[in-house]
Amino acid sequence: MKKVLLASTALVLSAGVAAADMTLSGDARMGVNKVYGRDDVGFTSRFRAIFTGSGETDGGLAFGGTIRADNAGGVSFEDLNNDGFIQNNEVFAGGGAAGVAGSVFISGDFGTLTMGDVAGAPEAAVGDVAFISLTGLGDYNEMVYLSNYASSSRSAMRYDYSFGDFGVHVSADNPSNAFGTRETYGVAVSYSGDLFSAGLGYESSGGDDAVTGDSEHWAGGITVDVAGFQIEGAYGSASGDVEGDQWAISASYTWDATTVSAFYSDKTELELNGAQIPNAYEAWGIGASYDLGGGAAVRGGYANRSGGPAGEDDSFDFGVVMRF
Amino acid sequence: MKKVLLASTALVLSAGVAAADMTLSGDARMGVNKVYGRDDVGFTSRFRAIFTGSGETDGGLAFGGTIRADNAGGVSFEDLNNDGFIQNNEVFAGGGAAGVAGSVFISGDFGTLTMGDVAGAPEAAVGDVAFISLTGLGDYNEMVYLSNYASSSRSAMRYDYSFGDFGVHVSADNPSNAFGTRETYGVAVSYSGDLFSAGLGYESSGGDDAVTGDSEHWAGGITVDVAGFQIEGAYGSASGDVEGDQWAISASYTWDATTVSAFYSDKTELELNGAQIPNAYEAWGIGASYDLGGGAAVRGGYANRSGGPAGEDDSFDFGVVMRF
Amino acid sequence: MKKVLLASTALVLSAGVAAADMTLSGDARMGVNKVYGRDDVGFTSRFRAIFTGSGETDGGLAFGGTIRADNAGGVSFEDLNNDGFIQNNEVFAGGGAAGVAGSVFISGDFGTLTMGDVAGAPEAAVGDVAFISLTGLGDYNEMVYLSNYASSSRSAMRYDYSFGDFGVHVSADNPSNAFGTRETYGVAVSYSGDLFSAGLGYESSGGDDAVTGDSEHWAGGITVDVAGFQIEGAYGSASGDVEGDQWAISASYTWDATTVSAFYSDKTELELNGAQIPNAYEAWGIGASYDLGGGAAVRGGYANRSGGPAGEDDSFDFGVVMRF
């Protein structure tokens, strides 16, 4: 009797009728690029709408979440039987409505608990090194973590607690989903002081549908501000079905409205079940950003990769980014 | 000559340039759950953005509509030839842009006319009994109606008219869509007074693509507030290709910020062409909600089903819901 | 180290932190229609949310963009091997996040540069003739342009510059995308004066994945306001793999809150590789709109097509449109 008669029922079921705030924002970019595997320069553009909710309970707990319009819903595909075709039973609910994009959090004295498309603890504490470009150019400045290895059908939770300059982080990929049982866990510690900041994390994967098999991964990173430069370095070492070491370093420099950045990374040793993983490249890149004010910036980058599954190639992009 | 030259043409074509209001809101949830068919407890979370339009014509007609970001567009799949694969001609426009999600209405002294993903008249007047949980747990507190039996590619309209405590409701599923001719109609009356509220409805289905075949369905329900409890009961009786009786009952009690609710339903007799329908279960569930204020509430439930196509199983969930 | 430790890095990478404005609007419609190929009258409704960003750099450049919720993201399908099935490698990123819906622009004294789902230069300067209906009824008032022939996986850019009553327009479809190399270019001039407005354009297509093959197309159009009527005419002549002439004319008249419009078009001669293109119809239609005020209007139309691939048929619609 839900829709016409029983407004009273609706109220009963809607404890918490008072609503928190919801804001609309967005980002966009437009420019030219050459991507890996193509010889020609093309256009690239996008416009995205972002929704962010935030509120506070009577007891002082903060809560909120975020999603974009483009990944709010929709479907994801998993070729479960690897026949190259999409069967009816290989189509799954996706996006923020299914918890595999965006995120939701609740926060208080106990720390912050976040669910959705969230980084695992080591990725949150160690992360990646810096790179500036319009489109990412393959994201070879990013480290590989077990927790985000296959991201399309993944949801996760993370708990963060900070005291003074220190932070503790614990995470788990969703242990039970439509594809089976996943056991990917992570712990990490972080420090953020005046002279430098650093993170150290450990993660392990297993379970019936673990795309990274039974594996362990240690990762550490540091960021130092020295002589106007910001230097970032990260190192990771995996063993098990995922095997090998990876490292990356970057340097960034900002003056007035301009920031330039360069990185080098080597993930060529990373193997899954004895074969190089898809993005196991040695890569380097340079890029720059110039703030136009008002929410716009000119941005461009160049990246080169080699030693990986598809051989040496490069990519570049240049254009304008916008914030609304 | 539409985009550059002829702004005047655009104006001609856009009678009604003055715009009504559009508001942004949202909802979210995060928690843990165990679903039917799985042994393990997993995470569950989602974040959704909601858009609601409302306006009034110069003559005093109210109009508006609503859609969410996650079901605004996208595609739906129908395995028309039942071969398990998705062919090109089995992909259809979906979401609010195709009228199969969200809704649009116009309202005046004549009543209210609503189109889109709207409940049929009996469902609107009789509806379901109450249940509280984080995620729905199979929605076994809901009755089965011919009008919403297969909802993915369905659009419908409903007309509602109220006079005093009484309401009249008439509905039809879209009689002509991409899949063929559908003839599903419903009529209902409702009463909402101080002592109790009640509804009675009738619906019939037929046509070339009627997923429920040639069927009729009578349904009635009542809600009584007694001694602080809210008791809801619903009964339905179908004959034709869909055959059998169904009933459900619930009781809810609210004190301070807490509401508890329990339901029992029996749809085991419901058959389509001689076979139990997919959700023909005997089920019961209990749940509770505690309002945290500010738009958040803690909520959880337990539900048990048996007697249906997949045998006995249970599910539960617990977490936080949010309104933005 | 992106999410927890290094807020400073995020700032470095986010030159242009100050944000421009983002607004929410929407449109909707509800009514009845009979479409081509069906005998029955059905319902039609939709509700769409629209996001529009706009800002200005410190140097006075305007920038912005737009997308709807329904085409913000999602996937598109291309049956590359024409086997009727959808393979994994035939699913592509779509919507505004992939630049194939919505648009992004930057504008200044130099003119306006727009990218995304934008009309080619001839379409922008010449465009289509007028027609009023609830749903478009096949859009047979629209001319065929090489630049928009296959729109699902298409992105493009256009540059517009105006001086006094004159405008110059240059466009290109994305020359490098996931499907190969596309070489579709357009140039056009436009004039918009007190007595009349007019446009003249030229476009050519080619390249490995050009759906229109190696073709050229000249198009011109004029709009005249005479005795309270607005008369629009357009003519196009294509040669190459796309071959044939097309023309269309319309007349519109507005008094008080009412606008009526009628069109006639003949695209029957248009062939691609010797076969009539899918919408190579001779067509005519009439329609009217009545402004209800407050953002709503009553609108309806009738259209008839003949001489094309599927023979003669007609369609009509009637209902309410809304702006939020």
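The values are calculated or read from the model by the stated rules, or taken from the named source; none is laboratory data. Since the structure is predicted, the reported quantities are computational estimates derived from the model, not experimental observations. Glycine also receives a Cβ, built like all others from the backbone with ideal geometry; neighbour counts cover every protein chain displayed.
Points worth noting:
- Leading residue by the ranking (farthest from the other protein chains (Cβ to nearest Cβ)) among those in the range B:251-272 that are under 19 Å from the mean Cα position of the chain (by Cα) and over 30 Å from A:VAL104 (Cα atoms): B:LYS267
- Candidate set from the range B:91-116 (those that are of a type outside the set (A, V, I, L, M, F, W, C), at negative phi and modelled with pLDDT under 95); member that is farthest from the chain's Cα centre (by Cα): B:GLY94
- Hits in the range A:213-234 (condition: of a type outside the set (Gly, Ala, Ser) and away from chain C (no Cβ under 12 Å)): A:ASP214, A:GLU216, A:HIS217, A:TRP218, A:VAL226
- Taking the criterion of being more than 25 Å from C:TYR202 (Cα to Cα) and at the interface with chain A (Cβ under 7 Å from one of its Cβ atoms), the residues of the range C:84-125 that qualify are C:PHE85, C:ILE86, C:GLN87, C:ASN88, C:VAL91, C:GLY95, C:GLY96, C:ALA97, C:ALA98.
- Selected residue [of a type in the set (A, V, I, L, M) and touching a residue at least 60 places away in the same chain (Cβ under 8 Å)] from C:MET143, C:MET157: C:MET143
- The range C:157-177 - residue that is among the hydrophobic types (A, V, I, L, M, F, W, C) and over 22 Å from C:SER237 (Cα atoms) and, of those, nearest to the chain's Cα centre (by Cα): C:MET157
- Residue in the range B:208-228 that is modelled with the highest pLDDT, counting only those that are among the small types (Gly, Ala, Ser) and more than 15 Å from B:GLU142 (Cα to Cα): B:SER215
- Restricting the range B:165-184 to residues that are of a type in the set (Ser, Thr, Tyr) and free of Cβ contacts under 8 Å to residues at least 60 places away in the same chain, the residue that is nearest to the other protein chains (Cβ to nearest Cβ): B:SER176
- Complete set of residues in the range B:309-324 that are at pLDDT 95 or above and more than 23 Å from A:GLY64 (Cα to Cα): B:GLU312, B:ASP313, B:ASP314, B:SER315, B:PHE316
- Some residue of the range A:13-22 being modelled with pLDDT of 95 or more, surrounded by 20 or more Cβ atoms within 10 Å (Cβ to Cβ) and under 31 Å from the mean Cα position of the chain (by Cα): yes
- Condition check for B:GLY319: touching a Leu at 6+ places or on another chain (Cβ under 7 Å) and under 30 Å from A:SER54 (Cα atoms): yes
- One residue alone among A:ALA275, A:ALA248, A:ALA210 is free of Cβ contacts under 8 Å to residues at least 60 places away in the same chain and within 14 Å of another protein chain (Cβ to nearest Cβ), and that residue is A:ALA210.
- Residue in the range A:157-170 that is at pLDDT below 95 and within 17 Å of A:GLU216 (Cα to Cα) present: no
- Residues located in the range C:304-324, provided they are at negative phi and either more than 14 Å from chain B (Cβ to nearest Cβ) or surrounded by fewer than 19 Cβ atoms within 10 Å (Cβ to Cβ) (or both): C:ASN304, C:ARG305, C:SER306, C:GLY308, C:PRO309, C:ALA310, C:GLU312, C:ASP313, C:ASP314
- Criterion: out of contact with any strand residue (DSSP E or B) (no Cβ under 7 Å at 6 or more places or on another chain), more than 10 Å from chain B (Cβ to nearest Cβ), in a strand (DSSP E or B) and at negative phi - qualifying residue of A:SER76, A:SER162: A:SER162
- The residues of the range A:35-58 that are modelled with pLDDT under 95 and in a strand (DSSP E or B), listed by number, are A:GLY42, A:PHE43.
- Single unsatisfied condition, C:GLU142 versus (1) within 11 Å of another protein chain (Cβ to nearest Cβ); (2) touching a Gly at 6+ places or on another chain (Cβ under 8 Å); (3) assigned to a loop (DSSP other than H, G, I, E, B): (2)
- Considering residues of the range C:239-283 that are aromatic (Phe, Trp, Tyr) and surrounded by fewer than 22 Cβ atoms within 10 Å (Cβ to Cβ) only, the residue farthest from C:ARG305 (Cα to Cα): C:TRP255
- Residues in the range A:294-305 that are closer than 22 Å to A:GLY26 by Cα and touching a residue at least 24 places away in the same chain (Cβ under 8 Å): A:GLY295, A:ALA296, A:ALA297, A:ARG299, A:GLY300.
- Among the residues making up the range C:87-122, a single one is buried (at least 23 other Cβ atoms within 10 Å of the Cβ), β-branched (Val, Ile, Thr) and farther than 30 Å from C:ALA198 by Cβ: C:VAL100.
- A:GLY60 vs. criteria more than 30 Å from A:ASP313 (Cα to Cα) and in contact (Cβ under 8 Å) with a residue 24 or more places away in the chain: yes
- Breaking point among (1) away from chain A (no Cβ under 14 Å); (2) in contact with a Lys or Arg (Cβ under 6 Å, 6 or more places away or on another chain), for C:ASN148: (2)
- Within the option set B:ALA283, B:ALA297, B:ALA248, being assigned to a strand (DSSP E or B), farther than 24 Å from B:GLY201 by Cβ and of a type in the set (Gly, Ala, Ser) holds for one residue only, B:ALA297.
- Summed over the range C:284-303, residues that are touching a Leu at 6+ places or on another chain (Cβ under 7 Å), more than 10 Å from chain B (Cβ to nearest Cβ) and surrounded by fewer than 23 Cβ atoms within 10 Å (Cβ to Cβ) total 1.
- Answer residue from the range A:26-73, given it is of a type in the set (Ser, Thr, Tyr) and within 11 Å of chain B (Cβ to nearest Cβ) and is surrounded by the fewest Cβ atoms within 10 Å (Cβ to Cβ) among those: A:SER54
- Criterion violated by A:PHE131 - all others in (1) closer than 30 Å to A:GLY307 by Cβ; (2) within 9 Å of chain B (Cβ to nearest Cβ) satisfied: (2)
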